[in-house]
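Asks: I am attaching a structure below and will ask some questions about it afterwards.
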Amino acid sequence: MFGNEFAPTEIHWGLGNRRFVEDTSMFPPTALNVWMSAARLVDFDQDGDLDLLQSGFRAECLLENLGGRRFADVTHLLEPLLTASLVFADFDHDGDQDLLHRIRQTNDSQLSMALFRHTWAPRSATLGSSMTLELHAPPGRFVLLSASSTLATIDLGSRGIWQLDFARSVQFPSVTIPATRRRDIVLAVPSDPALRGVDLHWQAIEIDPGVVDAVRVGNRATTRFQ
């Protein structure tokens, strides 16, 4: 990947035998106009794919890797950065990738403690056991969790990218996020052998009860039954 403050972003895919080809067709247009001063690859939603955070002279862009050379712009999950430099690390040892970045205008440093990830789910769950889901959001927000075994990406504009199949999804009762910014949900895993090897996808919507139409779509997490 190439880019700087005076040129748009390019990505060159390795073909093997020291050969590369430029192809940015899978990137949303917003990603190509960042003109990077900083970029990091990180699996921020812990689904096994490397995601990309770009920040530069014009704007910032957070791209979720959907697999198959497909990316979704989920910049709405971040606060405005305009970052000169950045680094990801698990600063508070809770298993989430946090973000430390230096603000361009003031040269100050700011730490964002993984506030852009709504849903955490285990990558695998044993049939007949139980599993724990974590929902993360600011205190007082309502979170609506859904689950589906099929995907159908829907762009909801400023509200985010919804990736579950509405027609084949299950909605859970809404929960309120406490002062700890986290709510755990313990679920029983069915013992049906037909579910072995099935991927169940989770995604949540955050609602601010104090603001009209303040709705934000969170990341997608995936659990495989085994």
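Asks: Looking only at region 68-90, how many residues end up being open to solvent by less than 30 Å² (accessible area, probe 1.4 Å) and at pLDDT 80 or above?
Replies: 1
Asks: OK, next. Suppose we keep only residues that are open to solvent by less than 50 Å² (accessible area, probe 1.4 Å) and acidic (Asp, Glu) within region 169-226. Which one would you say is modelled with the highest pLDDT?
Replies: Asp199
Asks: Separate question: Tell me which strands (runs of 3 or more DSSP E) are completely within region 119-191 and hold 2 or more residues being under 21 Å from Thr75 (Cα atoms), or say none if there are none. Before the answer, list the steps.
Replies: Details: elements: 130-136, 142-148, 151-155, 161-164, 169-171, 182-188.
Because the criterion is at least 2 residues that are under 21 Å from Thr75 (Cα atoms), the strands (runs of 3 or more DSSP E) in region 119-191 that meet it are 130-136, 142-148, 151-155, 161-164.
Asks: Continuing with the same structure: Of all residues in region 150-168, count the ones that are surrounded by 13 or more Cβ atoms within 10 Å (Cβ to Cβ), without any contact (Cβ under 8 Å) to a residue 60 or more places away in the chain and of a type in the set (Gly, Ala, Ser).
Replies: 1
Asks: Take the residues of region 8-45 that are modelled with pLDDT under 65 and part of a loop (DSSP other than H, G, I, E, B): which is surrounded by the most Cβ atoms within 10 Å (Cβ to Cβ)?
Replies: Among residues in region 8-45 that are modelled with pLDDT under 65 and part of a loop (DSSP other than H, G, I, E, B), the one surrounded by the most Cβ atoms within 10 Å (Cβ to Cβ) is Val34.
Asks: While we're on this one: Collect the residues in region 199-209 that are over 19 Å from Thr153 (Cα atoms) and either assigned to a strand (DSSP E or B) or free of Cβ contacts under 8 Å to residues at least 60 places away in the same chain (or both), keeping them in residue-number order.
Replies: Ile207 - this is the single residue of region 199-209 that is over 19 Å from Thr153 (Cα atoms) and either assigned to a strand (DSSP E or B) or free of Cβ contacts under 8 Å to residues at least 60 places away in the same chain (or both).
Asks: On to the next question. Let me spell it out: the conditions are (1) closer than 16 Å to His201 by Cα; (2) touching a Leu at 6+ places or on another chain (Cβ under 6 Å), and Ser174 meets all of them except one. Which number is the exception?
Replies: Here Ser174 meets the rest and fails (1).
The values are calculated or read from the model by the stated rules, or taken from the named source; none is laboratory data. Please read all numbers here as calculations on a predicted model, not as lab measurements. A quick note on method: Cβ atoms are made from the backbone with ideal geometry, for glycine too, and the neighbour counts reach across all protein chains shown. SASA here: full protein model, heavy atoms, side chains in, ligands and nucleic acids out. Shrake-Rupley method; radii C 1.70, N 1.55, O 1.52, S 1.80 Å.
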